[in-house]
Amino acid sequence: MIDSTRKELSKHGGNGWTRVALRTLAIMLILSSASIAQTQFSVLYTFHGNPDGALPTGLTYASGMFYGTTTDGGKCTFLSCGTVYRVDTAGDERVLYRFKEHGDGGNPNSGLLRDADGTLYGTTYGGGTYHGGVVFRLESTGKETVLHNFGHAMDGALPTAGVIRDEEGNLFGTTYDGGSHWDGTVFKVNSGDKETIFYDFTGNADGSGPIPTLIRDAEGNLYGSTHGGGNASCELGCGVLFKLDSTGRETVLYSFTGGDDGDYPGGIVRDSAGNIYGAATAGGCSGNGTVFRLDVKGNYKVLHCFAGEPKDGSGPGGLILVGGELYGTTIGGGGGDCYDDNHKKIGCGIAFRLDMNGNERVLHRFTGGKGGSRPSGLATDDGHDFYGTTGIGGDTTCKAPYGCGTVFRLSVK
């Protein structure tokens, strides 16, 4: 491309304006090439199903290590129950715990919380005494303790998100199902391992089916989103952003319409001023999802509307805020060689960066195969590198022909 531009410069040598325009184009191409070259992607670890796990979810960074879970794989003899693992920045992986077919939980589907002592806390979507999932603690010695078994219906069921912790040691999390109305809950597990319902969703204007991990401010307020409920323009509701005060009283901050503003919101982050940023996995200008901002005055704005296959992404997930910019991934789009069950090309996903004006830079386009596909968010270390997981791909002989997933590093300069 640059060589052909040089030829054009020579051919139009007598036209000053043409030379200036083409020279500008050549400089832009050179700068663009340099920018692309500064983003480097590498696979750190490839999962093989048994015994290390399959279908990894998000990562948590602490003390030079990344911690995560796999929804599938491990050493179950009857069911695929999943694992807890850690991996360092050199790609050395260690399985910390393998779930069994019994009462310890199974199929974790979220990230982990790690305290200063190295103890990990998390949830599993299945397993437990009543098969409704559990909240668990995993000590650095590898000893696992079930803190609560879901499955009594009223206490919630099927947690898909991780937990957060306050200064008193209380854990807070969400269940996608269960509760009085079977529309999900926000729960609390106190330092004595007793679970109580902190908020019980009704499935109406207050929301239904909370999925992502909660966030907490300095005053003890909790913030989150629901996949359904809220605006009745969607069949089951389009989802809401909500706030719970320290007494468990809910305020709906925004109710999605399923139009240009998006549909089915996911994880959210807050900046130091209290503005909320998040992604809607569907809806938007082309039905491929949005990234949005809700400011402290309640003003909602779409920062970016994903265009989908092939140039842009589709189905954005959780975001992180680093240096005043937003980083995230999409599960589809990007032009990769991935297809749905109807053999329609849907792309393998992208990693992206957005500034506060919504200007997007595609950092990486996933290709499937050994490079993985269906990425699940990003985490960062103390430098300029970002890390994440792909739900499938990697070792394509595992769960053939899809692969069991990877951990990857993305260096952005």
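All of the numbers you see were taken from the coordinates with simple rules; none came from a lab. Everything quoted here is computed from the prediction, not taken from an experiment. With ideal geometry, Cβ positions are generated from the backbone for all residues, glycine too; neighbour counts draw on all protein chains shown.
Can you tell me the 0 to 90 degree angle between the C-alpha axis of helix 2-11 and the longest principal axis of the chain, rounded to 10? Here the helix axis deviates by roughly 20 degrees. For the pair ASP271 and TYR339, label points projected 7 Å from Cα toward Cβ lie 4.3 nm apart.
Using Cβ point charges alone (K and R +1, D and E -1), the dipole size of the chain about the Cα centre works out to roughly 1560 debye. The residues neighbouring PHE292, those whose beta-carbon lies less than 9 Å from its own, together hold a net charge of +1 under the Lys/Arg +1, Asp/Glu -1 convention. For the peptides 378-388, 54-64, the ranking by mean Cβ contacts within 10 Å, running from highest to lowest, is 54-64, 378-388.
For segment 149-250, the list of GluC sites (Glu not before Pro) that fall in a loop by DSSP and count at most 11 other C-beta atoms within 10 angstrom reads GLU167, GLU168, GLU219, GLU235. Per-residue ellipticity at 222 nm, computed for the chain from helices alone with -39500 (n - 2.57) per DSSP H run of at least four residues, works out to -2500 deg cm²/dmol.
Summing charges over all other residues whose Cβ lies under 12 Å from the Cβ of GLY156, with Lys and Arg as +1 and Asp and Glu as -1, gives -4. With respect to the chain, whose longest principal axis is taken over its alpha-carbon atoms, helix 16-37 is tilted by about 30°. Packing-based ranking of 88-94, 282-288 yields 282-288, 88-94, ordered from highest to lowest mean Cβ neighbour count within 10 Å.
In nm, what is the difference between 0.36 nm times the number of residues separating SER180 and ASP92 and their Cα-Cα distance?
Taking SER180 through ASP92 to full extension adds about 27.2 nm, to one decimal.
How high is the FRET efficiency from LYS143 to SER233, r the C-beta distance, R0 45 Å, rounded to 0.05? Rounded to the nearest 0.05, the efficiency is 0.35. Computing FRET efficiency as 1/(1 + (r/R0)^6) for CYS285 and SER63, where r is the C-beta to C-beta distance and R0 is 30 Å, gives about 0.10.
The Cβ shell under 13 Å around ALA280 holds other residues with a net charge of -1, Lys and Arg each +1, Asp and Glu each -1.
Give the label of the value calculated from the structure for Cα Rg over 2.2 N^0.38 Å, choosing from (i) 0.97; (ii) 1.17; (iii) 1.04. Here Cα Rg over 2.2 N^0.38 Å agrees with entry (iii).
Using C-alpha pairs below 8 Å separated by at least 6 residues, the relative contact order for the chain is 11 percent. 3J(HN,Hα) along segment 40-50: 10, 10, 8, 8, 7, 8, 10, 7, 10, x, 10 Hz, from the Karplus curve 6.51 cos²θ - 1.76 cosθ + 1.60 with θ = phi - 60°, whole Hz, x for Gly and Pro.
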